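One structure below.
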Amino acid sequence: MLDNFFYFCIIVITAYAGWKVKSLSRSGAIATVFVGTSVAIGFQLPGLLLLGLFFATSSFWSKYKSASKRSIEEKLEKGDARDWQQVLANGGNAALASCVHFLYPSEMSLVAFIVSIAAANSDTWASEIGVLSKRRPFYILTLKPAEPGTSGAVSLLGSIAGFLGAGFIAVSAIYLFKLSWTPLLAFVTVFGFLGNLIDTLFGAVVQARFRCEACGLETEKNYHCGKETLLVKGRRSINNDVINLSSITIACLIALLMIPLF
């Protein structure tokens, strides 16, 4: 009982700190408490620490060289303060896997939990580090150069960062849960990175993209320059949060189907 109270205090303090340093909005902090509590119920301290590593590194990379990213942020729907939708898009699968594990403990729910965080971390590292590349990214569908920050664009730096982000979670999970190195290291890294690739593909194919009629900027925002933007691709309802949630979910499902082969 005392352990659960201690965990809850850690979660609340972390969410409050995230809100104070503007890594989380008010709604994002509340959602973080929900996700963190679910993880604590299912996976106790190791799960909380793994979730904390994702949150800490994601916050660090989002703040890293933020001045250089300001022009990119004009294209993005949201800033670096995560709201409740972003928190659930990235942590919803982890929360669900935790609740399932609490009710029906199994290897599958543990793998789903770890892969979901690896996929979220891979995508975040790829996005936050990739935009700092000195070389222009290329659009995944046409392989032609694209503007940094464009949904569906990839760069070598971002791809390396995404792979390392998934690998970082894999190594951390092995230590925290005292798991065997083989084949889990490769398994989590591959399927975590797969989530990032699916995110990029979905971003290119179905994610909404708009154009500001006032300044001509292509953006993910519904409003720019004080006016509603014009939809030029995808569906208005399919934003980055929908893409994140979908790609992480698919990566987890594929990983679960592949478990018997490892």
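The values are calculated or read from the model by the stated rules, or taken from the named source; none is laboratory data. These numbers come from a predicted model, not from an experiment. Methodologically, a virtual Cβ is constructed for each residue, glycine included, from the backbone with ideal geometry; neighbour enumeration extends over all protein chains shown.
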Original post:
Taking PHE138, is it more than 28 Å from GLN44 (Cβ to Cβ), buried (at least 17 other Cβ atoms within 10 Å of the Cβ) and not aliphatic (A, V, I, L, M)?
Top reply: yes
Original post:
What single numbered condition from (1) in contact with a Gly (Cβ under 9 Å, 6 or more places away or on another chain); (2) without any contact (Cβ under 8 Å) to a residue 24 or more places away in the chain fails to hold for LEU157?
Top reply: (2)
Original post:
Taking the stated definitions as given, is GLU128 of a type in the set (D, E, K, R) and closer than 24 Å to LEU24 by Cβ?
Top reply: yes
Subject >> Considering residues of segment 34-82 that are charged (D, E, K, R) and either at pLDDT 90 or above or under 13 Å from the mean Cα position of the chain (by Cα) (or both) only, the residue surrounded by the most Cβ atoms within 10 Å (Cβ to Cβ) >> reply: ARG82
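Quick grid of which residues meet (1) of a type outside the set (A, V, I, L, M, F, W, C); (2) surrounded by fewer than 16 Cβ atoms within 10 Å (Cβ to Cβ); (3) touching a strand residue (DSSP E or B) at 6+ places or on another chain (Cβ under 7 Å):
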position: ALA208; (1), (2), (3): no, no, yes
position: GLU220; (1), (2), (3): yes, no, yes
position: TYR223; (1), (2), (3): yes, yes, no
position: LYS227; (1), (2), (3): yes, yes, no
position: LEU231; (1), (2), (3): no, yes, yes
position: ARG235; (1), (2), (3): yes, yes, no
position: ASN244; (1), (2), (3): yes, no, no
position: ALA255; (1), (2), (3): no, no, no
Original post:
Is there a residue being assigned to a helix (DSSP H, G or I), out of contact with any Phe, Trp or Tyr (no Cβ under 8 Å at 6 or more places or on another chain), at pLDDT 85 or above and not acidic (Asp, Glu) anywhere in segment 207-216?
Top reply: no
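Residues are listed down the side, and each one gets a yes or a no for (1) over 27 Å from LEU51 (Cα atoms); (2) aromatic (Phe, Trp, Tyr):
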{"position": "PRO137", "(1), (2)": "yes, no"}
{"position": "ILE160", "(1), (2)": "no, no"}
{"position": "GLY167", "(1), (2)": "no, no"}
{"position": "PHE177", "(1), (2)": "no, yes"}
{"position": "PRO183", "(1), (2)": "no, no"}
{"position": "VAL205", "(1), (2)": "yes, no"}
{"position": "ARG209", "(1), (2)": "yes, no"}
{"position": "GLY216", "(1), (2)": "yes, no"}
**OP:** Could you figure out which of (1) surrounded by 15 or more Cβ atoms within 10 Å (Cβ to Cβ); (2) among the aromatic types (Phe, Trp, Tyr); (3) more than 19 Å from the chain's Cα centre (by Cα) isn't true of TYR104?
**Re:** (1)
Original post:
Do we have any residue at all in segment 158-171 that's surrounded by fewer than 20 Cβ atoms within 10 Å (Cβ to Cβ) and either on the phi > 0 side of the Ramachandran plot or among the basic types (Lys, Arg) (or both)?
Top reply: no
Original post:
Hey, does segment 3-11 have a residue that's under 27 Å from ILE243 (Cβ atoms), modelled with pLDDT under 95 and surrounded by fewer than 20 Cβ atoms within 10 Å (Cβ to Cβ)?
Top reply: no
**OP:** Return yes or no: is SER133 not in a helix (DSSP H, G or I) and not acidic (Asp, Glu)?
**Re:** yes
